[in-house]
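A quick write-up on the structure given underneath.
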Amino acid sequence: ATMMHGRLVPLLAILAVHTLKVYSSDTFCIDYDLDIEEQWPSFTQCLVNNETTFSIDMGVRQTYNSSAISLDSFTETYKEAVAHLFAISQNDKLRYVLPYCRNEHEFCIQWAALGWCDEDPHHMEQVCCPACKSAEMVHWLIQCPMDIHAPHAWKPGDLNKFFENLSKRKEYEPTVHSRPKGGPWIVTLENVISEQEANAIIEWGEVYGWEDSLVDGDVQEDGTWEAVWSEDRTSSLAWCIDECMEDPIVQRVLDRISNITNMHSNHSDYMQILRYESGQFYLNHHDFHHYQVYSSSGPRIMTVYIYLRNVSKGGGTRFPYLDISVTPKLGRALIWPNVLNEDPNVQDQRTHHEALPPIGDQKYGATLWWHQRDFKTADAQGCAQ
C-alpha cells in the first residue's frame, strides 16, 4: 500500500487506474541514494534517514497514462527528476535556479520517458526542466538572457530571399547544388579568396599551433558545455582571434565574407581554421545547437566553409541526406543554412554533413558560423559558446 491524500491506497488499485494524477508539489521521501521510498508520497513532511527534510515544488502535477508508457518507465523517469532537483538543491551555485526549474505541463514526465527531451530539446528543456534534468541549462539562460529587442539576422522568409540573391552573384560564379522544393539551399561560390589570402590564414594556424578538434560534451555546473575529444572528429584546428583578426589580409577576407552574407561581422563566430591530414575526417553532424536558440547570440543559422587548398583525392564535404558532395578547390566557398526558411530558430535536419578524409594530401579549410543575433558582443560578456 502507499499513502495518497492522507490515506492508505492499495498499490494494485493504483495500477488499475488508467490515469493517475501525481501531485508533484508535495514533499518527497528520498533516501541517500536518491530513491523515492513511496511511489507518489503525499506527506506534509518527509525525513531522509530521520535527519534531513527535502521539499520541492516540481510544478504542474503529472499525469500517468498507461496507454502511452509503462508504470515502471514513468516511475523511473519521475525518480530521476526528483534526484536531479535534489542534487541541484545541494549545489550552492545552482540552488537559486529551483524556482525556475518546473514542469509546466502535466505530461512532462511521460514525454521525457518517451525520449522527447532528446527529440525536441530546446523546447522540452525549458518547459519540462525537472523531467529533462536541465536545471544547468536554465541557469545559463538566467545568467545570459536573450535580449528580446536585439536585432535578428533573419526573419521568417529571409533565408530564401538571401539565397536567391546569392545565386545571382555572378562575380563569384555561383553553383546551386540544391534549392527549395527539391531540398534546402546548398550553394558554392568560386574565387572568394586568393591563394595569398588562403596562405595567410593557414600561416596563422601555424603561429597559434594546431590543437585537436573537439565536440560538445556534457553540460557543466555553470551551464556551459564541455568541449571533449571524440573519435568522430579527428582533424586539428586553430582559432583566428586577436592578432589574426587584426591582420590586414585576414580582415579583408572577413569583410568580403560579411558582404557576401549581408550580415554584420558581429553575427559571426571567430574563424575556425582546420587542418585534415590524410585519412582524417569528421563524421555526420550538424552545426545547429539547440541550446543557443534562447541564448544571447542565438543559434547558428548559416555556415560558410572556405577551401584553402586543392586536394587531389577525397576531402570533400558530403550531405548524406541529400546525396550531395562538394569537392575541395582553393578559393571555393560552400554555403548552406542550418535552419528553416519559415522559422530561422528551428534546425533543418537535411543539412547534416560530413567531412570526408583526404587521401594522400593535407586539406585546409576555414569555417565561419553566422548567428541569429550578435555573437561577438555576447562572447565578450561570457555568454557565447
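The values are calculated or read from the model by the stated rules, or taken from the named source; none is laboratory data. Worth saying up front: this structure is predicted, and the values here are computed from it rather than measured. Ideal geometry is used to build each Cβ from the backbone, glycine not excepted, and the neighbour counts take in all protein chains shown. Surface accessibility is based on the protein's heavy atoms, side chains included, excluding ligands, DNA and RNA. Shrake-Rupley method; radii C 1.70, N 1.55, O 1.52, S 1.80 Å.
Compared with the direct C-alpha span, the chain from residue 167 to residue 71 gains 29.1 nm at full extension, assuming 0.36 nm per residue. Among the protein heavy atoms, those of residue 95 account for about 100 Å² of accessible surface (1.4 Å probe, every chain in place). Protection proxy ranking, highest mean first, for peptides 295-304, 111-120: 295-304, 111-120, where packing is the per-residue count of other beta-carbon atoms within 10 Å, averaged.
For the range 237-369, carbon and sulfur atoms together expose 48% of the accessible surface, with a 1.4 angstrom probe and every protein chain in place. Using the 1.4 Å probe convention, the accessible area of the range 271-385 works out to 34 Å² per residue with neighbouring protein chains retained. In the assembled protein chains, residue 270 presents an accessible area of approximately 50 Å² (probe radius 1.4 Å).
Extending 7 Å from the Cα toward the beta-carbon at both residue 231 and residue 194 defines two label points whose distance is 4.6 nm. Working note: Cα atoms of the range 86-220, range along each principal axis, descending, whole Å: 59, 44, 32.
For residue 118 and residue 251, the FRET efficiency from 1/(1 + (r/R0)^6), where r spans their Cβ atoms and R0 equals 51 Å, is about 0.80. Run a plain Debye calculation on the range 64-104 (Cα atoms as equal point scatterers, no solvent) and give log10 I(q)/I(0) at q = 0.32, 0.33 Å⁻¹, rounded to two decimals, same order as the q list. With no solvent term, the Cα-only Debye profile gives -1.04, -1.07.
Sorting 137-150, 370-383 by their mean Cβ neighbour count within 10 Å, with the most densely packed peptide first, gives 370-383, 137-150.
Remark: the range 229-350 is approximated by an ellipsoid whose semi-axes, taken from the C-alpha gyration tensor as √(5λ), come to 22, 21, 15 Å, largest first. Residue 134 exposes around 10 Å² of accessible area when a 1.4 Å probe is run over every protein chain in place. Between residue 318 and residue 175, the contour length at 0.36 nm per residue exceeds the Cα-Cα span by 49.9 nm.
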